[in-house]
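These notes are about the structure you will find just below.
Read-outs throughout are calculated quantities, based only on the coordinates presented, and are distinct from any laboratory measurement. Bear in mind the structure is a predicted one, so any value in this text is a computation, not a measurement. Glycine also receives a Cβ, built like all others from the backbone with ideal geometry; neighbour counts cover every protein chain displayed.
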Amino acid sequence: MFDFLRGIVVLLAFFFGGSWLHRWGVPIPGGVLGLLLFYFAMVTGVLKLRWVESAADFLLRHMVLLFVPLTVGLMDLGPLLSRQAAAILASLVVSFIAVLFTAGLLARWLLADVPAEECAATEPLP
Amino acid sequence: MIRSLLASPAVSVALSIAFYGIALALHRRWRALPPIIVASIPIVALLLITNESYRIYNRGGDLLTWWLGPATVALAVPMYRNGLALRRSLPRLGIIVFCAALVGMITAGVVAWLLGAPRAVVMSAIPKSVTTPIAVEVCQELHGIPQITVGMVILAGILGASLGQLLLRLIRVRDDRAIGAAIGSASHGIGTASLVRHSEMQTSVSSWAMAACGVFTSLLAAILSLYLR
């Protein structure tokens with residue numbers, strides 16, 4: 001429990017730090033700034049992965065809950081959605097295939113001569 | 001009756017958690033049911049039946065949405081953990097995911113724009129490939145409509161989870177790392193979860209790629225928003 005609370009406090013601290021920088025004019029969203037700062041804190045060893053692991057995994061595992069309200073909000077956009085349905089769906093499908101194929105083909109080409117690592121098991125994300 | 005109850009934000013939060021719990025349980029039985037859709041539909045139905053407005057529900061809903069911020073920070077954990085495991089391929093994976101992020105933003109925005117979508121819808125489409133918490137932040141940066149972004153993000157995830165492997169086989173992409181990079185860039189967490197049964201390597205690369213794609217997309221969006229100003 002202590003580990004979990006400590007993790008939450010650390011995550012919140014980085015989120016507030018990132019949001020603060022964002023308010024002062026850094027054009028990157030606060031959460032992403034927090035992510036980057038946090039990542040570098042771990043790379044440089046200032047922060048230990050195990051201090052936040054349980055809290056971060058918990059938050060990511062139940063991330064779906066956090067976007068339930070926005071999904072429910074689609075109900076208010078009915079008229080706009082039906083008017084723009086073709087544009088939204090076409091944009092979605094074309095862009096999805098473009099990203100999938102760009103990454104897939106580029107990776108096949110660029111990684112051909114890089115031997116694969118031994119793989120470490122990871123927690124699946126939702 | 002429910003009218004007076006929803007006046008307290010705590011009730012919306014409890015309602016969302018309850019339906020999320022039910023959706024998770026159903027998802028455990030039937031893997032094909034996406035929890036986000038199973039959780040949201042009954043809430044929409046309930047609001048419509050009781051003639052309750054989304055605005056009232058969302059006073060509590062906002063409390064949940066707010067936690068997407070700290071969840072974004074938490075994405076550093078899978079990025080760091082998998083980055084360690086993939087050390088040798090990382091520079092090239094970075095290039096691959098960066099190009100995928102750029103192509104995704106341009107194609108999504110341009111197609112919506114060509115089909116006559118208003119500016120707010122075009123901006124909502126741009127971050128559609130990345131994981132929800134980052135997509136929402138990027139959408140707000142670009143003055144899009146977060147609800148539309150979330151809808152598109154979920155659909156991109158479901159497309160990747162159901163058709164991703166098949167489409168990659170069509171263009172003869174078979175390397176585990178290439179499959180992971182493609183699914184992680186195009187379909188974030190929902191796609192990544194679909195790889196778990198296939199291969200550890202795919203899952204690991206995909207988890208890294210989904211976080212990296214989010215970071216690159218928000219950097220590119222920052223440049224875009226400076227240019228649009």
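Per-peptide packing, taken as the mean over residues of other Cβ atoms within 10 Å, places B:208-214, B:63-69 in the sequence B:208-214, B:63-69 from highest down. Other residues lying with their Cβ under 12 Å from the Cβ of residue A:42 contribute a combined charge of +2, Lys and Arg counting +1, Asp and Glu -1.
Screening chain A for DSSP H helices whose Cα atoms reach 30 Å or more along their own axis and whose mean Kyte hydropathy is at least -1.0 gives A:2-23, A:78-110. Taking every residue in B:94-102 and counting other chain Cβ atoms within 10 Å of its Cβ, the average works out to 4. Packing, as the average of other Cβ atoms within 10 Å across residues, places the peptides B:150-162, B:29-41, A:52-64 in the order B:150-162, A:52-64, B:29-41, highest first.
Stretching residue B:7 away from residue B:106 to a fully extended chain increases their span by 31.4 nm, per 0.36 nm per residue minus the current alpha-carbon distance.
Inter-chain Cβ neighbour count for B:173-179, averaged per residue, equals 6 (cutoff 10 Å, partner chain atoms only). For the pair residue A:86 and residue B:52, label points projected 7 Å from Cα toward Cβ lie 3.8 nm apart. Restricting the calculation to Cα atoms, segment A:3-109 shows an Rg/Rh of 1.09 when the hydrodynamic-style radius is the Kirkwood one. The mean number of Cβ atoms from other chains found within 10 Å of a Cβ in peptide B:20-31 is 1, as a whole number.
Of the peptides A:38-49, B:129-140, the ranking by mean beta-carbon count within 10 Å, highest at the top, reads B:129-140, A:38-49. Semi-axes of the equivalent ellipsoid for chain B, computed as √(5λ) from the eigenvalues of its C-alpha gyration tensor and ordered from largest down, come to 31, 22, 16 Å.
What separates the Cα centres of segment B:41-65 and segment A:1-52 is a distance of 31 Å. Working note: Debye formula, equal point scatterers on the alpha-carbon atoms of segment B:141-229, no solvent; log10 I(q)/I(0) at q = 0.25 Å⁻¹ is -1.15. Given their separation in residues at 0.36 nm each and the Cα-Cα distance between them, residue A:97 and residue A:62 gain 9.8 nm when the chain is fully extended.
Here the ratio of the Cα radius of gyration of the protein assembly as shown to 2.2 N^0.38 Å is 0.94. Shown for segment A:1-66 is the translational diffusion coefficient from the Stokes-Einstein equation, using the Kirkwood radius over Cα pairs, a temperature of 20 °C and a viscosity of 1.002 mPa s: 174 µm²/s. Taking Cα centre as origin and charging only the Cβ of basic (Lys, Arg, +1) and acidic (Asp, Glu, -1) residues, the dipole magnitude of segment B:74-228 rounds to 420 debye.
Helical runs (DSSP H, four residues minimum) scored at -39500 (n - 2.57) apiece and divided by the length of the protein assembly as shown put the mean residue ellipticity at 222 nm at -26000 deg cm²/dmol.
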